[in-house]
Structure formats: C-alpha cells, structure tokens
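Asks: Here it is, the structure in full.
The values are calculated or read from the model by the stated rules, or taken from the named source; none is laboratory data. The structure presented is a predicted model; accordingly, all values stated were derived computationally and were not measured. Please note: Cβ atoms are built from the backbone with ideal geometry, for glycine as well, and neighbour counts cover all protein chains shown.
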C-alpha cells in the first residue's frame, strides 16, 4: 500500500507556507501528499500540483447545507442527458425523515452528484482534481435517527464516487472523514441496512480518516490506544469492515486552535512539549497500523509557520516508521 497523507482545511493565502513546510519536512520519497480545503479552486490545484507528490483533493460537506443543496448547476447540454428527478432543492432533514428510504437515498445520490458536477466543470476548464474529501460521517449516524441519516449518507457516498454515468464521470474514491461515534457502529451486528452502509463506504473510500482529535495530555501511547477504537471496531467486523480498517488513517489536528471537539494543547505545553507528545502519539499509531495520516485545520493559531513545519515533520516521521 503506497505511503499517503492528507493536509486539509486552510486559507488560500496560507497554502504556499503549508506547501513549503511539507516540502521541507523530510517526507519519504514517493509519498502521495493530498492537499485540499472546502470547495474546488483552480488556484489551490495549481499550487498543490506544482509540489512534488502533490495531489489535489477538495473537500465537501455532508450534512451542512451548502449551495449544492439548493439546485443543480448543469449546462443546458448536460441537462438534456440526465434524468430530471431530484433536480430541485434538497429537503431539510425533518422533511427527509418523512420520505421513503428510496427517496432519502435518491436525494443523497443527487447531492453527491452535484459535488461531482463541480469537479467535472473544473476539469473541463483545465483544473486538475485528483480526488475528493467528505466531511464527515457524523455522530448523527449512530444516534436515534441514525438509520435515516445513514440512508442519506449511502446515497451521498454513491453520488460522490460514481458521479453522473450519463455524463461519463469516472468512478473516483476519496477521503472520508469520520467521528469516533460513527465508526463505533462497526462493532454492532450487521443487518441488511448496516450491510448496505458498509458496502457503500467500502466502494467510495480511498481512506477512512478517523477523527482522533485528542487532548495532548497523559501518556501518548495510552491515549492513542483509546482513540483508535474506531479502527479496532472496523477490524473486529466482517470482511468489508476489515477492508475499511486496512484503509484507516488517523486524523489529527495541529493542536494550537483550542475549541471544543478539537483537542490539542489544552494544558499549555511548550512548543517542544507539544512536539514530543505529538511525535509519540503518531509513533504509537504507526505501530498499531495506519494506512497514512491526515491533519485538519491549518487556520487561526494553527496557520503559524512553525506549527505547519512541526506538524509536517511529525507526519513525515510517522510515515517513515
């Protein structure tokens, strides 16, 4: 399996410094470095592709309403070639819950296809797009209305992976971010609906990125063991879930943007202390099995040059293990 890593979510003006940090990190030769933020950007693609090993993977939101939820944006020629079903506004979730399972899945497929429309149109304009990211398999998938959310997500994954066959979109896998709670669904016995969910994820995911947004506190190896529970849940399942476990990449944050849910340097460690803790955590995760590493959120305090440099070096060291 090739060495891969992902650097995600930044402002365009900060991207040159992030790329410089990655290039100076000692990344192992032949590493495929995927980089992307929300939405498709020609400027981002050009900067990423100019970097050795760089691959452009823009990011799309799953459950947060974006402009893609409001309507299709196809050319008149494209419109003539596709089915007119699901061409309007994607319903809000309370309305989606009142629909049939097939309708929920259908709206999910349509949203995924709308995201692929943006990629197709960019490629037609000469922009290189290698893959995509989806943010995220959210905790709602494992809560009281989880079945309905999972049905919509199944469609979304299918639409992102397959695009619109009538418009000759190629099948393309992407990086799928996932919360711990969503991945712990893998420890449940499967029924027909859960089997369909895991199969759809298996087809769509190049890597499953488990959000291991831990506080930088305590023994890093012990914390790494606790936060790898999503991967272990996948590995304890049947063949499809084990296949996903083998494509699991721990997803971390640089640690200096302190907000609920992001973990990081909550105890005010020195720069050297942060680096020691992060390095030990990544080393522990490399020893227990990781199909790459991902870092999320290079904005605000995390956009400082030394943070980008330290984070990129840590990922490079982890990939060398």
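Asks: Looking at this structure, is residue 60 in contact (Cβ under 8 Å) with a residue 24 or more places away in the chain and either more than 16 Å from residue 159 (Cβ to Cβ) or touching a strand residue (DSSP E or B) at 6+ places or on another chain (Cβ under 9 Å) (or both)?
Replies: Yes: the conditions hold for residue 60.
Asks: Would you point out the residue of segment 153-177, among those that are touching a helix residue (DSSP H, G or I) at 6+ places or on another chain (Cβ under 7 Å) and in contact (Cβ under 8 Å) with a residue 60 or more places away in the chain, that is nearest to residue 244 (Cα to Cα)?
Replies: My answer is 174.
Asks: Next question. Given the options 134, 81, name the one that is in contact with a helix residue (DSSP H, G or I) (Cβ under 8 Å, 6 or more places away or on another chain) and either under 30 Å from residue 51 (Cβ atoms) or crowded, with 23+ Cβ neighbours inside 10 Å (or both).
Replies: After applying the criteria, what remains is 134.
Asks: Hey, another quick one. How many residues does segment 84-96 hold that are in a loop (DSSP other than H, G, I, E, B) and touching a helix residue (DSSP H, G or I) at 6+ places or on another chain (Cβ under 6 Å)? Give the steps one after another, and end with the answer.
Replies: Taking segment 84-96 as the starting set, the residues that turn out to be in a loop (DSSP other than H, G, I, E, B) are 84-92.
Going one step further and asking which of them are touching a helix residue (DSSP H, G or I) at 6+ places or on another chain (Cβ under 6 Å), we end up with 86, 90.
The qualifying residues number 2.
Asks: Among the numbered criteria (1) outside any loop (DSSP other than H, G, I, E, B); (2) closer than 28 Å to residue 113 by Cβ, which single criterion is violated by residue 63?
Replies: Only one criterion in (1) outside any loop (DSSP other than H, G, I, E, B); (2) closer than 28 Å to residue 113 by Cβ is unmet by residue 63, namely (1).
Asks: Given the condition on the phi > 0 side of the Ramachandran plot and within 20 Å of the chain's Cα centre (by Cα), answer yes or no: does some residue in segment 264-278 qualify?
Replies: Within segment 264-278 (the criterion being on the phi > 0 side of the Ramachandran plot and within 20 Å of the chain's Cα centre (by Cα)), the answer is yes, since at least one residue qualifies.
Asks: Right, next: Being under 17 Å from the mean Cα position of the chain (by Cα), free of Cβ contacts under 8 Å to residues at least 40 places away in the same chain and within 19 Å of residue 207 (Cα to Cα) is true for just one of 36, 54, 112. Which residue is that? Don't jump to the end; show me each part of the working.
Replies: On the way: 36 fails: free of Cβ contacts under 8 Å to residues at least 40 places away in the same chain; 112 fails: free of Cβ contacts under 8 Å to residues at least 40 places away in the same chain.
Checking each option against the conditions leaves just 54.
So that you can scan it fast, the table gives a plain yes or no per residue for (1) modelled with pLDDT of 95 or more; (2) under 18 Å from residue 286 (Cβ atoms); (3) in contact with a strand residue (DSSP E or B) (Cβ under 8 Å, 6 or more places away or on another chain); (4) not in a strand (DSSP E or B):
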{"position": "183", "(1), (2), (3), (4)": "yes, no, yes, yes"}
{"position": "194", "(1), (2), (3), (4)": "yes, no, no, yes"}
{"position": "218", "(1), (2), (3), (4)": "yes, no, no, yes"}
{"position": "222", "(1), (2), (3), (4)": "yes, yes, no, yes"}
{"position": "230", "(1), (2), (3), (4)": "yes, yes, yes, yes"}
{"position": "233", "(1), (2), (3), (4)": "yes, no, no, yes"}
{"position": "243", "(1), (2), (3), (4)": "yes, no, no, yes"}
{"position": "249", "(1), (2), (3), (4)": "yes, yes, yes, no"}
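Asks: Taking the stated definitions as given, is residue 186 touching a helix residue (DSSP H, G or I) at 6+ places or on another chain (Cβ under 6 Å), closer than 22 Å to residue 8 by Cβ, crowded, with 21+ Cβ neighbours inside 10 Å and in contact (Cβ under 8 Å) with a residue 12 or more places away in the chain?
Replies: no
Every residue, every condition in (1) in a helix (DSSP H, G or I); (2) at pLDDT 95 or above; (3) farther than 30 Å from residue 291 by Cβ, yes or no:
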residue	(1), (2), (3)
27	no, yes, no
40	no, yes, no
47	yes, yes, no
68	yes, yes, no
77	yes, yes, yes
99	no, yes, yes
128	no, yes, no
135	no, yes, no
